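Right, one structure below, let's go through it.
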Amino acid sequence: MESLNRMAVELVDEAIDFADELAVEIHELDNGATVLDFGVEAVGGVEAGLLLAEIQTGGLATVQIGVDEVGDAPFTHVELSTDHPAMALLCAQKAGWELSVDDFEGLGSGPARALVAEEEEFQRVGYRDAADFAVLAVESEELPTEAAAEHVADMTGVPVSSVFLPTFSTASVTGSVNVASRAAELAAFRLSELGYDPLDVLTATCKAPVAPVAEDDEAALARTNDALAYGGQVHLTVDAPFDRFDEIVSTAADEYGRPFADVFDEHEWDFYDVPVELFAPAQATVDVVGEGVEAYGRTDEALLAESFGL
């Protein structure tokens, strides 16, 4: 398979070429790195969020938009599907890079992670990328600095002029759309953590509502996670049975049924202190090839409506 970063760079080029149409702003830093503002100071939007999800998955997923209901009201929903779940979701889309350099703080996702390949997912999948470019999507309230870009270059082994950092705030249209695309990634990650071979997940399709843009990143973090844990739906086709499929949905968590705002507040807004079981889609159907289909979990539209201020 072609390099994830090389495929992602082609999509980054598309974002640069159509920056005006996407309401994205392009900044070339003094050290040559490129920051693409998908929704920090730039407006961004639905199309920007969809393209960003494609970039994060290294071009291995199809992402589209639709309208469904939350609490009997029409809401935008995002659908994502991939025939390469291990690569697209775990080796690329997963937000696994804490980018903390001097005064800059951000959470990195995307195929640049595969150039470092230190997270356990890469050992499980058996993949490490090799490319002359690094594409790291950054979730942050501010745009990356030169020091942050140089750190990414050092970690990935590419020239700093070959570092591309599409960046977005959680509290933006782009952010709400982008996070809604992650329901299948959460399911694949839960399966991997539970001991299931990620290469046995053959296809993944998901759908989740797009949370209304919140007033700040903390509120947005809560709302967008509510969208996944109480409205995210996933369909997986897998190659082998497993006795813990019921644990890949948020209903398996003791905290299920509480808005993320309350859960985060209880844990003093420490993202990593929240029980990992809650970071999961609300509902999943698992199709074991040749052996049957089972459905797990449930959505909670009442909680979503409250979270969304509906």
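The values are calculated or read from the model by the stated rules, or taken from the named source; none is laboratory data. Just so you know, these numbers come straight off a predicted model, no measurement behind them. Glycine gets a Cβ as well: all are built from the backbone with ideal geometry, and neighbour counts include every protein chain shown.
Points to keep in mind about this one:
- Considering residues of the stretch 294-310 that are under 16 Å from VAL210 (Cα atoms) and touching a strand residue (DSSP E or B) at 6+ places or on another chain (Cβ under 8 Å) only, the residue surrounded by the most Cβ atoms within 10 Å (Cβ to Cβ): LEU304
- Within the stretch 247-293, being surrounded by 15 or more Cβ atoms within 10 Å (Cβ to Cβ) and of a type in the set (Asp, Glu) holds for GLU247, GLU255, GLU277, ASP287.
- Among residues of the stretch 200-222 being touching a residue at least 60 places away in the same chain (Cβ under 8 Å) and surrounded by fewer than 24 Cβ atoms within 10 Å (Cβ to Cβ), the one that is farthest from VAL293 (Cα to Cα) is ASP217.
- Scanning the stretch 91-125 for residues that are in a helix (DSSP H, G or I) and in contact with a strand residue (DSSP E or B) (Cβ under 9 Å, 6 or more places away or on another chain), we see that the one that is modelled with the lowest pLDDT is GLU121.
- Selected residue (only one of VAL43, VAL35 is surrounded by fewer than 17 Cβ atoms within 10 Å (Cβ to Cβ), in contact with a helix residue (DSSP H, G or I) (Cβ under 8 Å, 6 or more places away or on another chain) and among the hydrophobic types (A, V, I, L, M, F, W, C)): VAL43
- Test: residue in the stretch 126-134 that is part of a helix (DSSP H, G or I), in contact with a Pro (Cβ under 7 Å, 6 or more places away or on another chain) and crowded, with 22+ Cβ neighbours inside 10 Å: no
- Set ASP197, ASP239: member being more than 24 Å from GLU54 (Cβ to Cβ) and either touching a strand residue (DSSP E or B) at 6+ places or on another chain (Cβ under 7 Å) or free of Cβ contacts under 8 Å to residues at least 24 places away in the same chain (or both): ASP239
- Condition met for ILE65 (under 19 Å from the mean Cα position of the chain (by Cα), modelled with pLDDT of 95 or more, of a type in the set (Val, Ile, Thr) and in a helix (DSSP H, G or I)): no
- Within the stretch 219-306, strands (runs of 3 or more DSSP E) holding 2 or more residues that are under 21 Å from CYS206 (Cβ atoms) and either within 19 Å of the chain's Cα centre (by Cα) or at pLDDT below 95 (or both): 233-238, 283-288
- Residues of the stretch 169-189 that turn out to be surrounded by 24 or more Cβ atoms within 10 Å (Cβ to Cβ) and within 18 Å of PHE122 (Cα to Cα), as a count: 5
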